[in-house]
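Colleague: I'd like to ask you about the structure that follows.
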Amino acid sequence: MQVVSVEAREGLVREMIVELGTEEFDTAVEKRTQEYMRNARVAGFRPGKVPLSVLRKHYGKQIRHEVFEDLVDSTFISAIKEHELHPAAPPVIEPDIDLEINRYAYKAIFEILPEFELQSIQGHKIKRPLIEINENDVDDMIERLRQRDAEFSPVDRPSADGDWIAAKYIGTVDGQPFQDDKAVPIFINLGNEKENPNVPCPGFESHLFNLSTDQEHEFDLRFPDDYKDSTLAGKDVHFKVEVESVREKTLPSLEELIDNMGVTDGEISTFRAEVHTNMQRELKKRIRSHLRSQVFDALMQANPIIVPKSLIEEETQQIAAQWQSKWKIKNALQSLQPLFIQTAEYRVRLGFLLQKAVKDFNAQADEDSIRNKIEELAETYEEPDVFIKYCYENVEQLGEIKAVVKEDLVIQRLLQDAEIEEEPTRFLQWIDALEAKDSQAIVE
């Protein structure tokens, strides 16, 4: 074997030309031919008694093809070791064979893993919420829990502030429906704009007060000049609404809520303590996720490394396959792949950066750290001991927890170099802001 050349092409692509020695190739062919002689079957001859000339006539081409493939596999491994190359994926092999001069060679095209020095995130600003959960926060959370468990009962009266209305509407512009001539169902909380993101037009809700079940109502509105649909912007619209039901919200009493939450002794003090503990646990998890996201973004900005396209394509296919499986979307691998390329590249790049950070920082998951992480996760389960036992008996689960521990260590180390900006805020205010931001990101 002789490596003729190794050339760098675009990005991480390398092109390597390898010539197989004639003697090496012929020796391998002769050895494979002898192996064939033991079991080869040719009409008119017993197995093992086929003359060499006849064997070469029947199997010569196949033998040379098999030998070539075997030598490509073995010599490619030797060649990349010799030149200290680290392929990211199997190579594309282009044979270069000339039987007239007994020449056997090939071109291997492949991507290599990136080599880089990890850059610090020094100078990058990381925002960390400064939150102290007090009794007022617990009161607010209990009220939110009551709202969550609210019941909506039909009422035999006109709609009023705070009621929920189930209705259908048809909107027309210049006498023509603008929504496929179909009645559109809608569920609206009167007097609460935050609960009604899907109203068709500003001012729509205000026309639904003082209406009763089965009542029809018609009114006119004008779409704003800056409406998101330019074909409707500034247009006059006529709405026809049919009320299907008017429902009144009824909140559970504190005692009912305590019972719904399964507080064993039924005491308010016990209930408040459990709510406070859950809030603390949720806050810790959210802050970790918030810092994690910011640190990773800063790490990516500080290290704009090039990663193998083959790995991005592989990750893209995996994401599309997950979507296809989860949402039962037909042909997701073809139709959705382009949507996931950016996410796939982010994951691949981040994976290389974290792997390098773990190595540079010597982040080790010791037994105490693993145990603490498992116990932390177990707190959310009704039977923590069962979960802990499962983690230690399941190799894959234990491996994932070790990876999380190492990731935590990397994050803490990276935070030492960043500029931390503490932001005093309240628990629910911060949680709501995060969820609103996440919802907006999904829409975009």
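Colleague: Anything in region 264-276 that is of a type outside the set (A, V, I, L, M, F, W, C) and either open to solvent by 70 Å² or more (accessible area, probe 1.4 Å) or not in a helix (DSSP H, G or I) (or both)? List them, or say none.
Modeller: Initial filter on region 264-276 (of a type outside the set (A, V, I, L, M, F, W, C)): 264-267, 269-270, 272, 274, 276.
Those that are of a type outside the set (A, V, I, L, M, F, W, C) and either open to solvent by 70 Å² or more (accessible area, probe 1.4 Å) or not in a helix (DSSP H, G or I) (or both): Thr264, Asp265, Gly266, Glu267, Ser269, Glu274.
Colleague: Somewhere in region 422-438, is a residue of a type in the set (D, E, K, R) and crowded, with 16+ Cβ neighbours inside 10 Å? Spell out how you get there, then give the answer.
Modeller: Step one: of region 422-438, the residues of a type in the set (D, E, K, R) are 422-423, 426, 432, 435, 437-438.
Next cut, crowded, with 16+ Cβ neighbours inside 10 Å only: 426.
Yes, region 422-438 contains at least one residue that is of a type in the set (D, E, K, R) and crowded, with 16+ Cβ neighbours inside 10 Å.
Colleague: Would you please list the contacts, defined by Cβ atoms under 8 Å and residues six or more apart or on different chains, that run from a residue in region 367-380 that is of a type in the set (A, V, I, L, M) to a residue that is open to solvent by 90 Å² or more (accessible area, probe 1.4 Å)?
Modeller: Listed by first residue and then by second, the contacts come to Ala378/Asp385.
Colleague: So for region 138-148 (the condition being closer than 24 Å to Pro308 by Cβ and either touching a residue at least 60 places away in the same chain (Cβ under 8 Å) or open to solvent by 20 Å² or more (accessible area, probe 1.4 Å) (or both)), does at least one residue qualify?
Modeller: no
Colleague: Please specify each residue of region 222-251 satisfying the condition of being among the charged types (D, E, K, R) and not in a loop (DSSP other than H, G, I, E, B). It would help to see each step written out before you state the result.
Modeller: The initial filter retains those residues of region 222-251 that are among the charged types (D, E, K, R), namely 222, 225-226, 228-229, 235-236, 240, 242, 244, 247-249.
Matches in region 222-251: Arg222, Asp236, Lys240, Glu242, Glu244, Arg247, Glu248, Lys249.
Colleague: If you go through region 202-221 one residue at a time, do you hit one that is touching a Gly at 6+ places or on another chain (Cβ under 7 Å), farther than 17 Å from Phe187 by Cβ and either part of a loop (DSSP other than H, G, I, E, B) or not small (Gly, Ala, Ser) (or both)?
Modeller: Initial filter on region 202-221 (touching a Gly at 6+ places or on another chain (Cβ under 7 Å)): 221.
Of the ones still in play, those that are also farther than 17 Å from Phe187 by Cβ are 221.
Restricting the remaining residues to those that are either part of a loop (DSSP other than H, G, I, E, B) or not small (Gly, Ala, Ser) (or both) gives 221.
So far as region 202-221 goes, yes, one or more of its residues are touching a Gly at 6+ places or on another chain (Cβ under 7 Å), farther than 17 Å from Phe187 by Cβ and either part of a loop (DSSP other than H, G, I, E, B) or not small (Gly, Ala, Ser) (or both).
A quick yes/no check of all residues on (1) surrounded by 13 or more Cβ atoms within 10 Å (Cβ to Cβ); (2) closer than 23 Å to Pro87 by Cβ; (3) in contact with a strand residue (DSSP E or B) (Cβ under 8 Å, 6 or more places away or on another chain):
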| site | (1), (2), (3) |
| --- | --- |
| Gly262 | no, no, no |
| Arg292 | yes, no, no |
| Asn303 | yes, yes, no |
| Val307 | yes, yes, no |
| Gln322 | no, no, no |
| Lys326 | no, no, no |
| Pro338 | no, no, no |
| Arg347 | yes, yes, no |
| Phe361 | yes, no, no |
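Colleague: When Val241 is evaluated against the numbered criteria (1) open to solvent by 40 Å² or more (accessible area, probe 1.4 Å); (2) in contact with a His (Cβ under 9 Å, 6 or more places away or on another chain), which criterion, by number, is the only one it fails?
Modeller: If we test Val241 against (1) open to solvent by 40 Å² or more (accessible area, probe 1.4 Å); (2) in contact with a His (Cβ under 9 Å, 6 or more places away or on another chain), just (1) comes out false.
Colleague: Test Gln397 against the stated conditions and say whether it is open to solvent by less than 60 Å² (accessible area, probe 1.4 Å) and farther than 29 Å from Gln301 by Cα.
Modeller: Working: open to solvent by less than 60 Å² (accessible area, probe 1.4 Å): yes; farther than 29 Å from Gln301 by Cα: yes.
Taking the combined requirement at face value, the residue satisfies it.
Colleague: From the list Gln412, Gln416, exactly one residue is within 24 Å of the chain's Cα centre (by Cα) and open to solvent by 70 Å² or more (accessible area, probe 1.4 Å). Which is it? Can you show your working first?
Modeller: On the way: Gln416 fails: within 24 Å of the chain's Cα centre (by Cα).
Matching residue, one of Gln412, Gln416: Gln412.
Colleague: Contact list please: Cβ distance under 7 Å, first residue in region 29-47 and in a helix (DSSP H, G or I), second residue of a type in the set (Val, Ile, Thr) and at pLDDT below 75, pairs at least six apart or on different chains.
Modeller: From residues that are in a helix (DSSP H, G or I), the pairs are Met37/Val50.
Colleague: Conditions first: (1) touching a Lys or Arg at 6+ places or on another chain (Cβ under 9 Å); (2) not in a loop (DSSP other than H, G, I, E, B). Arg146 passes all but one, so which condition is the exception?
Modeller: Status for Arg146: all satisfied but (1).
Colleague: Here's a follow-up. Working carefully through the options Lys389, Lys406, find the one that is closer than 28 Å to Leu113 by Cβ and either open to solvent by 40 Å² or more (accessible area, probe 1.4 Å) or at pLDDT below 95 (or both).
Modeller: Details: Lys389 fails: closer than 28 Å to Leu113 by Cβ.
The conditions single out Lys406.
Colleague: Could you tell me whether any residue of region 313-320 is open to solvent by less than 60 Å² (accessible area, probe 1.4 Å), without any contact (Cβ under 8 Å) to a residue 24 or more places away in the chain and within 26 Å of the chain's Cα centre (by Cα)? Can you show your working first?
Modeller: If we filter region 313-320 for residues that are open to solvent by less than 60 Å² (accessible area, probe 1.4 Å), which is where we start, we get 315-316, 319-320.
With the extra rule that they be without any contact (Cβ under 8 Å) to a residue 24 or more places away in the chain, the set shrinks to 320.
Right, trim to within 26 Å of the chain's Cα centre (by Cα) and you get 320.
Checked against the condition, which is being open to solvent by less than 60 Å² (accessible area, probe 1.4 Å), without any contact (Cβ under 8 Å) to a residue 24 or more places away in the chain and within 26 Å of the chain's Cα centre (by Cα), region 313-320 yields at least one hit.
Colleague: Take the residues in region 149-183 that are open to solvent by less than 40 Å² (accessible area, probe 1.4 Å) and in a strand (DSSP E or B), then tell me which one is farthest from Asp214 (Cα to Cα).
Modeller: In this case the residue turns out to be Val173.
Colleague: Give just the number: which of (1) open to solvent by 80 Å² or more (accessible area, probe 1.4 Å); (2) not in a helix (DSSP H, G or I) does Glu256 not satisfy?
Modeller: (2)
Colleague: Is at least one residue of region 95-102 more than 17 Å from Ile17 (Cα to Cα) and surrounded by 12 or more Cβ atoms within 10 Å (Cβ to Cβ)?
Modeller: no
Colleague: Something else: Within region 10-24, take every residue that is in contact (Cβ under 8 Å) with a residue 24 or more places away in the chain and open to solvent by 50 Å² or more (accessible area, probe 1.4 Å) and give me the one that is nearest to His86 (Cα to Cα).
Modeller: Of the residues in region 10-24, the ones in contact (Cβ under 8 Å) with a residue 24 or more places away in the chain are 11-20, 22, 24.
Next, only the ones that are open to solvent by 50 Å² or more (accessible area, probe 1.4 Å) stay: 19, 22, 24.
On the way: Glu19: 20, Thr22: 28, Glu24: 26 Å.
Per the criteria, the residue is Glu19.
Colleague: Can you find a residue in region 103-114 that is out of contact with any Asp or Glu (no Cβ under 7 Å at 6 or more places or on another chain), modelled with pLDDT under 90 and open to solvent by 50 Å² or more (accessible area, probe 1.4 Å)? Before you say what the answer is, go through the steps one by one.
Modeller: The initial filter retains those residues of region 103-114 that are out of contact with any Asp or Glu (no Cβ under 7 Å at 6 or more places or on another chain), namely 103-104, 108, 110-114.
Retained after the next criterion (residues that are modelled with pLDDT under 90): 103-104.
Add one more test, that the residue is open to solvent by 50 Å² or more (accessible area, probe 1.4 Å), and what stays is 103.
Looking for residues that are out of contact with any Asp or Glu (no Cβ under 7 Å at 6 or more places or on another chain), modelled with pLDDT under 90 and open to solvent by 50 Å² or more (accessible area, probe 1.4 Å), one finds at least one in region 103-114, hence yes.
Colleague: Additional query: Would you pick out the residues in region 384-402 that are within 25 Å of the chain's Cα centre (by Cα), charged (D, E, K, R) and over 15 Å from Glu367 (Cα atoms)?
Modeller: Glu396
The values are calculated or read from the model by the stated rules, or taken from the named source; none is laboratory data. Remember, predicted model here, so these are calculated numbers, not experimental data. Glycine also receives a Cβ, built like all others from the backbone with ideal geometry; neighbour counts cover every protein chain displayed. Surface accessibility is based on the protein's heavy atoms, side chains included, excluding ligands, DNA and RNA. Shrake-Rupley method; radii C 1.70, N 1.55, O 1.52, S 1.80 Å.
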